[in-house]
Structures are given as C-alpha cells and as structure tokens.
Amino acid sequence: MIARERPAELVFRALLRVYPAGFRADYEREMTQIFRDRRREEHGGGSGFWIEVLWDVARSAAAMHADAARAPRNVNNQPRKGTMRRMAILAVLVGLIEVLNASLEGRAGRMNGGDAYSFIGVALGVCAAILLIVAGVALFRRGWSAAGWARVAAIGCAALVVSIRVVQPWMSIFATLLGIGFPIALLLFLYLTKRDGSSMRTTA
Amino acid sequence: MSPATFQVLMALVDDERHGYSIMREATERSDGSVRLGPGTLYGTLKRLLESGLVEEGGERVDPAMGDERRRYYRITDLGMAVARAEARRLDRVVRAARRRKLIGPEPA
C-alpha cells in the first residue's frame with residue numbers, strides 16, 4: 001500500500017505547486033494529509049477521484065491567485081516605512097547643509113560690508129533649515145503620522161527661502177535650488193505616498 | 001456567503017475539528033451534495049482565519065485517524081454570530097420558496 005500511495009502523493013504535491021507560495025507554505029502539509037486520508041477512504045481512488053482532485057486544484061488555485069492579485073501590496077504600509085525613513089534622513093541632511101550654507105553666505109556677506117539684510121538672510125536661512133530638520137526628525141520617529149507637520153514645515157521652508165532670495169539677491173543658485181527644490185520634492189513625496197495609501201485603503 | 005464557507009462554519013459549531021473532519025462533516029450534513037476538496041477547504045479556512053470567524057485550536061493527534069498530528073480549528077464568537085445570521089437568511093429564503101410553492105411544505 002505504501003509503495004502504491006507514494007507516486008500518487010508525489011503527483012498531488014506536484015499539483016500543489018500551482019498554488020501561491022505563501023499558501024503552500026502554510027497548508028501543504030495538511031492538504032497532503034487530507035489527500036492521503038481521502039485516498040485511504042476511497043480505497044486508492046480511481047479516475048473519478050482524480051478528476052475531482054484536478055477540478056478542486058484548478059478552481060481553488062485560480063481563486064487564490066485572483067485574491068493575491070486583488071490584495072494591496074502594502075497592507076500595513078510596512079515596506080513604505082523604509083522609504084519614509086530615507087526621505088526623513090535626506091530632509092535632516094539638507095537642513096544641515098542649509099545651516100552651513102546660511103552661515104557661509106552670512107559670513108561672505110559680512111566680509112563684503114554686511115548689513116542688516118545679511119543678518120536677516122542668515123536668520124531666515126537658519127529658520128528654514130531648522131524647519132526642515134525638525135520635519136525630517138518627526139518623519140523618522142513617527143512616520144506617516146507626522147506627514148501633516150512635515151507638509152507645513154516644507155511649505156514654510158520654501159516660503160522662507162523665497163524671502164531670503166528677496167532680501168539677498170546675491171544668494172547662490174545652489175542654495176536657492178536646494179532651499180526651494182527639496183521642500184517641493186518632499187511635498188510631492190508625501191502627496192504620492194498618501195495617494196497610494198488612500199487607494200490601498202479603498203481596495204481593502 | 002458561499003455554500004462552502006457556510007458548511008465549514010456549520011461543521012465547527014459543535015466542536016473544534018481538523019481539516020479532514022470538517023470535510024467529512026460537510027459531506028454528511030449535505031447528504032453528499034457538498035464535497036470540499038483540499039484546495040477549497042483550506043482556501044476557505046484561510047479566508048475565515050483572516051476574517052476572524054475561525055481560529056486555530058492547536059495541533060494534536062486524532063486517535064481515530066492514526067498517529068499523525070493534525071491542526072485543529074474552532075469557530076469564534078464572531079463566526080457564530082455570522083453563521084446564525086446566514087442560517088436565518090437561508091431560513092427566510094426557504095420560507096419564501098415554500099409560500100410560492102417552489103418546494104413542498106415543511107415536513108411535520
């Protein structure tokens with residue numbers, strides 16, 4: 001009996017490969033147990049038994065794959081956490097660069113006969129940088145729940161950099177692009193991430 | 001609710017069971033009209049587990065089935081409530097069918 005059953009079980013296990021890998025990992029052992037039990041109950045099973053098995057595998061495997069295709073990829077948004085953290089670290093780094101740049105620009109301004117505008121420019125630059133650093137730290141520690149705050153900080157940072165550009169027209173192109181470009185990039189990132197999350201929640 | 005899902009829940013109402021026992025119970029209750037293959041059964045159990053209508057009851061040996069360890073399943077309170085609601089719905093459908101003489105009167 002054991003020698004005759006083994007090939008049948010091997011065939012059944014081969015059929016199970018049509019199921020999604022996750023489902024197989026969870027239930028292959030039990031499904032094989034049931035197959036063995038049913039064959040024992042039906043005394044080996046003939047063509048009718050195998051037709052039933054094939055029909056069951058075809059129908060249920062198709063349903064499994066359809067479910068898997070419909071399921072959102074990031075049910076808990078966990079894979080997005082890594083991207084959020086990288087963006088947060090980038091925000092902190094850009095903020096630090098902006099602090100450095102503000103002090104360098106302020107120093108250059110003073111060396112060229114600096115005035116109140118230089119001081120205001122440095123102060124606004126440091127404020128813009130602090131907003132970005134705080135937004136980055138909040139996103140890193142609290143993830144998506146800090147997104148609203150990060151959006152406000154990004155808008156504030158861009159607005160401050162525009163103000164600096166007004167009071168300090170000699171502000172470098174690099175500093176301008178970084179000061180306005182990065183907050184816009186952060187806003188876009190938060191918008192696109194939220195859109196994906198909303199559509200996933202609707203699907204679920 | 002699909003017939004297979006309802007049959008699995010009904011099989012678990014009385015007691016916790018392993019997969020083969022659920023399969024046999026569903027076949028016997030339906031007088032052979034419902035035959036759950038392994039794929040259908042475990043696909044249904046997976047969905048029921050994810051929905052919280054069923055939970056795992058650990059692994060142990062069923063003396064009637066040999067010495068292999070088998071995973072047991074049991075219905076949750078939520079599963080019972082859902083099964084009751086579905087049974088009432090089916091009862092209403094059957095009563096309506098009887099009123100329209102689609103099926104015979106209720107047996108005495």
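The values are calculated or read from the model by the stated rules, or taken from the named source; none is laboratory data. Small disclaimer: the values here were computed from a predicted structure and weren't measured. Cβ sites come from the backbone with ideal geometry, for glycine too, and all protein chains shown count toward neighbours. Side chains included, ligands, DNA and RNA excluded: accessible areas come from the protein's heavy atoms. Shrake-Rupley method; radii C 1.70, N 1.55, O 1.52, S 1.80 Å.
Structure notes:
- For B:Glu25, solvent-accessible area (1.4 Å; no DNA, RNA or ligand), Å²: 30
- Simple spin-label estimate for A:Trp149 and A:Val162 gives 2.5 nm between the two label positions (7 Å along the Cα-to-Cβ direction from each Cα).
- Cα extents of chain B along the three principal axes, largest first (Å): 51, 26, 25
- Summing +1 for each Lys or Arg and -1 for each Asp or Glu among the other residues whose beta-carbon sits under 12 angstrom from that of A:Cys157 gives 0.
- Shown is the FRET efficiency for A:Arg24 and B:Ser51, computed with R0 = 22 Å from the Cβ-Cβ distance and rounded to the nearest 0.05: 0.55.
- As a length-normalised measure over Cα pairs under 8 Å and 6 or more apart, the relative contact order of chain B settles at 27 percent.
- When the helices of the protein assembly as shown are scored as -39500 (n - 2.57) per DSSP H run of n ≥ 4 and the total is divided over every residue, the value at 222 nm lands at -25500 deg cm²/dmol.
- For the pair A:Leu10 and A:Leu104 in one chain, pulling the backbone fully straight at 0.36 nm per residue adds 26.5 nm over the alpha carbon distance.
- Heavy-atom accessible area for A:Arg29, with the other protein chains in place and a 1.4 Å probe, reaches approximately 110 Å².
- Computed with a 1.4 angstrom probe on protein heavy atoms, the B-A interface buries about 1900 square angstrom of accessible area in total.
- Neighbourhood charge, 15 Å Cβ-Cβ cut-off, centred on B:Thr27 and excluding it, Lys, Arg +1 and Asp, Glu -1: -3
- For A:Val126, A:Val94, A:Val166, the ranking by accessible surface with the largest value first comes to A:Val166, A:Val126, A:Val94, using a 1.4 Å probe.
- Computed label-point distance, nm, for sites B:Val93 and A:Leu96 using a 7 Å Cα→Cβ extension: 6.5
- Directionally averaged projected area (convex hull, Cα atoms, the protein assembly as shown), nm²: 25.7
- Among the residues of region B:33-58, those with an accessible-area drop of 30 Å² or more from chain alone to full protein complex, heavy atoms and 1.4 Å probe, are B:Arg35, B:Pro38, B:Gly39, B:Thr40, B:Tyr42, B:Lys46, B:Arg47.
- Span-like helix ranges in chain B, DSSP H, alpha carbon extent 18 angstrom or more, Kyte mean at least -0.5: B:38-51, B:77-99
- Note that region A:100-178, at 25 °C in a medium of 0.890 mPa s, gets a Stokes-Einstein diffusion coefficient of 188 µm²/s from its Kirkwood radius over C-alpha pairs.
- For region A:6-36 and region A:102-151, distance of Cα centres in Å: 60
- The protein assembly as shown - charge dipole about Cα centre, Lys and Arg +1 at Cβ, Asp and Glu -1, debye rounded to 20: 780
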